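Participant: The structure that follows is given in the form of structure tokens.
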Amino acid sequence: MTLAVSPASAAASVSGTCFGYTGNFNEWGFTKIDWKYGPDECFGVAPSGSIWHTWSGAGGWKEMPGNGTAVELYGWDEDSSQKTVYFLVESHNLWCNTDNYSTNVWSGWYFPC
């Protein structure tokens, strides 16, 4: 799957540090999410549009599975069995990825959310 990135977001670069790990992000930077049922986590979009996340003990920023690209993190949701992140793409659609807490495996990008 390929998600489109707007050229404007690819032009900017902002450095940010979360859990001691520094990365470069587009103009929207990164967002720290305090998950209720899972470990806290930060998400950001690189100037290239690739989507990254990190958490305490991760060893650095990790590219999200599925090689999706986006403009920015739009939102998130969680219940006791899973967490979901919503990313806005250039077409103004939301693409999602869900991590099932019982397997700790991300589902891969899907639309519609």
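Participant: Which condition number in (1) outside any loop (DSSP other than H, G, I, E, B); (2) over 19 Å from residue 105 (Cβ atoms); (3) open to solvent by 30 Å² or more (accessible area, probe 1.4 Å) is the one that residue 52 fails?
Facilitator: (2)
Participant: If you don't mind, another one. Which members of the stretch 57-87 meet the condition of being within 18 Å of residue 24 (Cα to Cα) and of a type in the set (Ser, Thr, Tyr)?
Facilitator: 69
Participant: Which residues, taken from the stretch 86-98, are in a loop (DSSP other than H, G, I, E, B) and either out of contact with any Ser or Thr (no Cβ under 7 Å at 6 or more places or on another chain) or open to solvent by less than 50 Å² (accessible area, probe 1.4 Å) (or both)? First the steps, then the outcome.
Facilitator: Step one: of the stretch 86-98, the residues in a loop (DSSP other than H, G, I, E, B) are 89-93.
Hits for the stretch 86-98 are 89, 91, 92, 93.
Participant: Run residue 75 past the list (1) open to solvent by less than 20 Å² (accessible area, probe 1.4 Å); (2) not in a strand (DSSP E or B) and report the number of the one that doesn't hold.
Facilitator: Single failed check for residue 75: (2).
Participant: Which is touching a Ser or Thr at 6+ places or on another chain (Cβ under 6 Å), surrounded by fewer than 16 Cβ atoms within 10 Å (Cβ to Cβ) and at pLDDT 95 or above, of 37, 21?
Facilitator: Details: 21 fails: surrounded by fewer than 16 Cβ atoms within 10 Å (Cβ to Cβ).
Selected residue: 37, the only one of 37, 21 that is touching a Ser or Thr at 6+ places or on another chain (Cβ under 6 Å), surrounded by fewer than 16 Cβ atoms within 10 Å (Cβ to Cβ) and at pLDDT 95 or above.
Participant: For the stretch 99-107, check the following and say yes or no: at least one residue is open to solvent by less than 70 Å² (accessible area, probe 1.4 Å), closer than 26 Å to residue 12 by Cα and free of Cβ contacts under 8 Å to residues at least 60 places away in the same chain.
Facilitator: Within the stretch 99-107, none of the residues are open to solvent by less than 70 Å² (accessible area, probe 1.4 Å), closer than 26 Å to residue 12 by Cα and free of Cβ contacts under 8 Å to residues at least 60 places away in the same chain.
Participant: On to the next question. Considering each of 32, 83, 62 in turn, give the residue that is among the basic types (Lys, Arg) and farther than 18 Å from residue 14 by Cα.
Facilitator: Just one listed residue meets the conditions, 83.
Participant: Looking at (1) surrounded by fewer than 14 Cβ atoms within 10 Å (Cβ to Cβ); (2) without any contact (Cβ under 8 Å) to a residue 24 or more places away in the chain, which one does residue 67 not meet, given that it meets all the others?
Facilitator: It fails just one condition, (2).
The values are calculated or read from the model by the stated rules, or taken from the named source; none is laboratory data. Model, not experiment: these values are computed from the prediction. Reconstructed Cβ throughout: ideal geometry from the backbone, glycine too, with neighbour counts over all protein chains shown. In case anyone asks, the SASA skips ligands and DNA or RNA and just uses the protein heavy atoms, side chains included. Shrake-Rupley method; radii C 1.70, N 1.55, O 1.52, S 1.80 Å.
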